[in-house]
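*Asks:* Take this structure first; my questions come after.
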Amino acid sequence: MNPLNSIRPLIPKTNPITTDYEITKQVLGLGINGKVVECFDKKTREKYALKILVESEKAKREVNLHWRASGCRHIVNIIDVYQNKYHNNTCLLVVMECMEGGELFQRIQDRPEGAFTEREAAQVMNEICVAVKYLHDINIAHRDLKPENLLYSKKGTYGVLKLTDFGFAKETINKDTLQTPCYTPYYVAPEVLGPEKYDKSCDIWSLGVIMYILLCGFPPFYSNHGLAISPGMKKRIKTGQFTFPLPEWQNVSGDAKDLINGMLNIDPAKRLTIDEVMNNRWIAQYTAVPQTPLHTNRLLKEGEEMWPEVQEEMTRSLATMRVDYDQVVMKPLENSNNSLLDKRRKKSVLTSLKI
Ligand code: I85
């Protein structure tokens, strides 16, 4: 963990990575931009994860933003970055701490029946929120916050949950504007900083979906038992309404449901911000949340064969949202009485839910 990473420029090492690390063929996962394999420090024999990216503007952005975020306890830390040439391709090689505890929901699924409680769900959410707050405070939106990017550092109780994959991360302030000499940052008007984009609100929507799944074991916007989508369900998706079906939600607190409603607001302008989420008592005082046993592990197990679909669905929704929120111009227009604009806005948020 290094709190200075957010200000220290990243200078990749240029010596061959193989002088320092032994690279194995053991694949740990496939990311958006590159493959992740196991590697070992030649001196200490310690195990690490190595992400191999072919150099491009996109790859450089991923590595830079990930580097800047690397000081957070709940973000997978970067140890070293190499820039090496193979044949004619320049590669970026990112050595990360190795997360050996596996994915968040796999861990919950493997627990004994009823052993996962509302308080533990609140603790998990608190950890993810710490990562998101860290990012949003340094003006980075992750934009790909989904279950397969949440990994535990170790097996067993002492593992720490961390966020990974900055392949879609985006800087939310336009530095060029700030560096234009005619503006003194002290008096710069909000609109000068460019139109307010909804990049950060993508992460809050993800938090809402993850929190919903944590509390019941199935996602909010899907037909949960593999049944064909019904007309009623389609309408609910369209209007951003989802339900808290019984018996799974019977004993879940009202505080938890209110928080989910705030995070899954269909209108990104009305959705909670990370500060509002963090100040919510269900998150801030998670140790006071009731230890109600949940149905989560059983339902995750029962829905195991549908999990790949659930993941694909979330990946698709995030992709739509990233494109959509990019085009929505906002803040200065927000209060205007323009019915056409109103329709346009509604249409745009609906598109983001693939409707
Ligand atoms: N360790 N999204 C799913 C993995 N340590 N994993 C993914 N993008 C990344 C893989 C595909 C995330 O940037 C990903 C990225 C980085 C990692 C990563 C980083 C550090 C790991 C794509 C493991 C691991 C290691 C040992 C054992 C186990 C997992 O994945 C397991 F628990 F599964 F046995």
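No value in this document is a laboratory result; all are computed from the given coordinates. Because the structure is predicted, anything quoted here is derived from the model rather than measured. As a convention, Cβ positions derive from the backbone with ideal geometry for all residues, glycine included, and neighbour counts pool all protein chains shown.
*Asks:* Enter the Cα centre distance for the pair region 9-35 and region 234-288, rounded to the nearest angstrom.
*Replies:* Cα centroid to Cα centroid, the span is 39 Å.
*Asks:* What number comes out for the charge environment of Arg107, summing +1 per Lys or Arg and -1 per Asp or Glu over other residues with Cβ under 12 Å away?
*Replies:* With Lys, Arg at +1 and Asp, Glu at -1, the net is -1.
*Asks:* Would you mind getting me the FRET efficiency between Lys85 and Val160? Use the beta-carbon distance for r and R0 = 41 Å, nearest 0.05. Intermediate values should be presented prior to the final figure.
*Replies:* On the way: r = 35 Å, r/R0 = 0.86.
The pair Lys85/Val160 has a calculated efficiency of 0.70.
*Asks:* How about region 99-157: which trypsin sites (Lys or Arg not before Pro) there lie in a loop by DSSP and see at most 14 other Cβ atoms within 10 Å?
*Replies:* Qualifying residues, ordered by number: Lys154, Lys155.
*Asks:* Using only Cα atoms, figure out Rg for region 72-154 and give it as a multiple of 2.2 N^0.38 Å. Provide the component values of the computation, followed by the final result.
*Replies:* On the way: Rg = 16.4 Å, N = 83, 2.2 N^0.38 = 11.8 Å.
After normalising by residue count via 2.2 N^0.38 Å, the value is 1.39.
*Asks:* Taking R0 as 45 Å, what FRET efficiency do you get between Arg281 and Arg8 from their Cβ-Cβ distance, rounded to the nearest 0.05?
*Replies:* Result of the calculation: an efficiency of 0.80.
*Asks:* Which GluC sites (Glu not before Pro) in region 60-125 sit in a loop by DSSP (not H, G, I, E or B) and have at most 10 other Cβ atoms within 10 Å of their own Cβ?
*Replies:* In loop regions of region 60-125 (DSSP not H, G, I, E or B), the sparsely surrounded GluC sites (Glu not before Pro) are Glu113.
*Asks:* If you don't mind, another one. Taking the Cβ-Cβ separation of Asn15 and Lys270 as r and a Förster radius of 51 Å, what is the calculated FRET efficiency to the nearest 0.05?
*Replies:* Working: r = 51 Å, r/R0 = 1.01.
About 0.50, to the nearest 0.05.
*Asks:* Counting Lys and Arg as +1 and Asp and Glu as -1, what is the net charge of the other residues whose Cβ lies under 12 Å from the Cβ of Thr19?
*Replies:* That sum, taken over residues with Cβ under 12 Å, equals -1.
*Asks:* If you don't mind, another one. Listed here are the pairs Lys13/Lys35; Lys270/Lys301; Lys133/Lys270; Lys58/Lys85; Lys146/Lys270; which of them are more than 26 Å apart at the Cα?
*Replies:* The answer is Lys270/Lys301.
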